[in-house]
């Protein structure tokens, strides 16, 4: 008996069955999983990847992607612990680890994670000072990531990282920070200069102490100075004159100019 010998109703029925089976075939990519609801109840294990069968209307399915996703947190107005207003945004990296919980326990896991990230970002940064926000981002990123991950774990989402992307400061605060940085550089410059002067003075004291033990070294130093002057083709010669000699000359001059005593 061939197919052509079958009655028309039987052929129609077979064609419907074939179309139904073809329509039931679904193909999932490597990164996709299907949560199938059979008569309203979710099957214990997700299906995929590859070919799966969804027998409608008994079955309904939800595709869930396992790929990593990046969520940008919009800029948030934050008041730090030292009462400084800043605007901060961040980037959250997440992916689905339990497709069944993601399909059953949350309507939109991306939107809900975004709301968690915004509130957590404001609360965590509000507990620290501005200097810590600017200099200890790694520690704050880890703290924010841990809090968000704990809140998203019940619906099968894993938050792998949170990065504070940008911190916007007011113009007045920027000018104040610039003045502070300039003052810090001026302070370091003066300290370095003072340390140099102190070290130079200490070396001079050590040299004077050493020369006082050997008076001939002062004469040798004088000759070395004359040699350095001669190298520069300078006709000026400097002779050291002790201050004691100047004192003696002043006394002699005063005696010569003094009027004779009357007898």
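Every number here is computed from the coordinates shown, using simple stated rules; none is lab data. Only a predicted model underlies this, so the values are computations on that prediction, with no experimental measurement involved. Glycine also receives a Cβ, built like all others from the backbone with ideal geometry; neighbour counts cover every protein chain displayed.
Each peptide in 188-199, 20-31 was scored by the mean count of other Cβ atoms within 10 Å over its residues; highest first, the order is 20-31, 188-199. Given axes a ≥ b ≥ c from the Cα gyration tensor, I'd like to know whether the range 3-64 is rounded (a/c under 1.5), prolate (a/b larger than b/c) or oblate. Prolate shape, in that a/c is at least 1.5 and a/b is the bigger ratio. Averaging the Cα positions of each part gives two centres, and for the range 12-31 and the range 44-102 these lie 30 Å apart. Model label points for residue 60 and residue 153, set 7 angstrom from Cα along the Cα-to-Cβ axis, are 3.1 nm apart. Sorting 206-214, 42-50, 77-85 by their mean Cβ neighbour count within 10 Å, with the most densely packed peptide first, gives 42-50, 77-85, 206-214.
Summary value for the range 69-173: 40 percent relative contact order, contacts being C-alpha pairs under 8 angstrom separated by 6+ residues. For the range 69-173, the share of alpha carbon pairs falling in successive 5 Å distance bins from zero is 2, 13, 25, 23, 15, 10, 6, 4, 1, 0, 0 percent.
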